[in-house]
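Asker: Sharing a structure here in structure tokens format.
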Amino acid sequence: MPRSHCALFLLFLLAAVAVAAQAQKAEVSFTVGAALSPDGKGLETCAEAIICPIPQGVIGPVSLGTGVSWQTSLAYRLANFRAAALYVELPFAGSPSRTGPGFSPTFSSFFFTPSAHLKFLPGSAVSPFASVGGGVAHFSSLDSRGNAGVLQVGGGLDFRTPLRVLGIRVEARDFITGHSSVAPLVDFTSHVQHVFVGGGVVLKF
């Protein structure tokens, strides 16, 4: 694992220890799913054009391939209003391998985005939630690595199970990043969306 990835993971583990120390108010979730991106604007390549070679500097739609993705998050409850509960959340998400447009190489992405997490009807069988925050994104492609700022917006549903400490979660989150020097993101002329959709479990302490 590259040093930058290890640093992010170590930061996440340190946060986990701090949250775990606050019993009865903490949640730890792990979800697995897919990462996808709506078409963005960028520099076209021959693989995307009808006629090849294409003139340099032509701007057109650029697509990123889907890929398996995962997310884990820590949340600590700050206040409970019965109808809704407010948490501080530390989501850490990753996509180990996605394909770029045209002949661009595969790349990986990791996101760490401290967020505000609002859960509605926390004591019911089904609890909708919303999350918004921001942080840092790390990208890696072949020998190229880079960081970018990221805005995280998401939401989902938590389902209660017969086990008090165990829940089921389905969620969708959009990690919106700026420019990066890492291929193929360097070809984009606008922001890039990395949409995660998945499901998994929630452990409550």
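Asker: Using the 10 angstrom Cβ neighbour count as an exposure proxy, how do THR31, THR189 rank, fewest first?
Answerer: Ranked by crowding around the Cβ, least crowded first: THR189, THR31.
Asker: Then there is this: Can you list residues whose amide H is under 5 Å from GLY134's amide H, if they're 5+ apart or on another chain and H is modeled 1.01 Å from N?
Answerer: Long-range HN contacts for GLY134: GLN152.
Asker: Listing HIS194, HIS138, HIS179 from the residue with the fewest other Cβ atoms within 10 Å to the one with the most, what is the order?
Answerer: HIS179, HIS138, HIS194
Asker: Cα gyration tensor of region 99-154, axes a ≥ b ≥ c as square roots of the eigenvalues: rounded (a/c below 1.5), prolate (a/b > b/c) or oblate?
Answerer: Working: a/c = 4.35, a/b = 2.49, b/c = 1.75.
Since a/c reaches 1.5 and a/b is larger than b/c, the shape of region 99-154 is classed as prolate.
Asker: Ok, one more. Would you list ASP174, ASP39 from fewest to most Cβ contacts within 10 Å?
Answerer: Ascending Cβ contact count within 10 Å gives the list ASP39, ASP174.
The numbers here are math on the coordinates, done by the rules we state, and not lab data. The structure presented is a predicted model; accordingly, all values stated were derived computationally and were not measured. Counting neighbours? That spans all protein chains shown, and the Cβs are built from the backbone with ideal geometry, glycine included.
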